[in-house]
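Colleague: Provided herewith is a single structure, encoded as structure tokens, for subsequent inquiry.
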Amino acid sequence: MTTYFSDVCVGSIACRLEKKEGGAVSIYIMILGVWAPYRRLGIGTKLLKHVLNLSEKQNNISDIYLHVLTNNEDAIA
Ligand SMILES: CC(C)(COP(=O)(O)OP(=O)(O)OC[C@H]1O[C@@H](n2cnc3c(N)ncnc32)[C@H](O)[C@@H]1OP(=O)(O)O)[C@@H](O)C(=O)NCCC(=O)NCCS
């Protein structure tokens with residue numbers, strides 16, 4: 001999913017579905033980014049909620065995860 005403001009791409013999220021043994025599926029968030037001037041406006045939240053809403057419609061999602069550097073305090077917050 002990509003978010004646009006006046007035709008400018010300001011945020012994006014991309015996920016991969018990972019099938020696990022037993023039929024469960026993990027969602028790995030590969031990309032989550034909001035262009036710096038547009039941060040703290042709720043766009044990152046909107047992107048994450050979009051993925052959460054989609055995952056709720058499936059009944060086989062066991063977990064959703066992403067990687068983040070330990071010094072990336074913005075993302076951890
Ligand atoms: C992480 C990122 C996607 C957040 O996007 P965003 O649009 O700014 O997030 P939101 O506006 O929805 O913020 C949601 C909440 O996260 C927290 N938060 C976000 N940025 C923060 C910061 N710099 N410092 C402290 N808390 C922060 C706050 O609790 C915020 O809620 P609030 O604004 O009501 O206080 C964005 O900072 C980014 O693109 N960072 C660079 C890329 C990255 O690190 N991606 C994640 C690694 S996979």
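Colleague: In region 5-14, how many are away from the ligand (no atom under 11 Å from the Cβ) and among the hydrophobic types (A, V, I, L, M, F, W, C)?
Modeller: Residues meeting the conditions: 3.
Colleague: Counting just the residues of region 64-77 that are in a strand (DSSP E or B) and either among the aliphatic types (A, V, I, L, M) or at pLDDT below 95 (or both), which one comes out nearest to Ile29 (Cα to Cα)?
Modeller: Applying the filter and picking the extreme gives Leu66.
Colleague: Do you know which residues across region 25-55 are in contact (Cβ under 8 Å) with a residue 24 or more places away in the chain and of a type in the set (S, T, N, Q)?
Modeller: Ser26, Ser55
Colleague: Could you list, in sequence order, all residues of region 61-77 that are over 11 Å from Ile13 (Cβ atoms) and within 12 Å of the ligand (Cβ to nearest atom)?
Modeller: Across region 61-77, the qualifying residues are Tyr65, His67, Val68, Leu69, Thr70, Asn71, Asn72, Glu73, Asp74, Ala75, Ile76, Ala77.
Colleague: On to the next question. Any idea how many residues of region 23-60 are part of a strand (DSSP E or B) and either under 14 Å from Met1 (Cα atoms) or within 12 Å of the ligand (Cβ to nearest atom) (or both)?
Modeller: 7
Colleague: Just to verify a result, which residue in region 10-43, among those that are aliphatic (A, V, I, L, M) and open to solvent by 80 Å² or more (accessible area, probe 1.4 Å), is farthest from Leu54 (Cα to Cα)?
Modeller: The selected residue is Leu41.
The values are calculated or read from the model by the stated rules, or taken from the named source; none is laboratory data. Values in this document were obtained by computation on a predicted structure and should not be read as measured data. All Cβ positions, glycine included, derive from the backbone under ideal geometry; neighbour counts span all protein chains shown. These area figures cover heavy atoms from the full protein model, side chains too; ligands, DNA and RNA do not enter into them. Shrake-Rupley method; radii C 1.70, N 1.55, O 1.52, S 1.80 Å.
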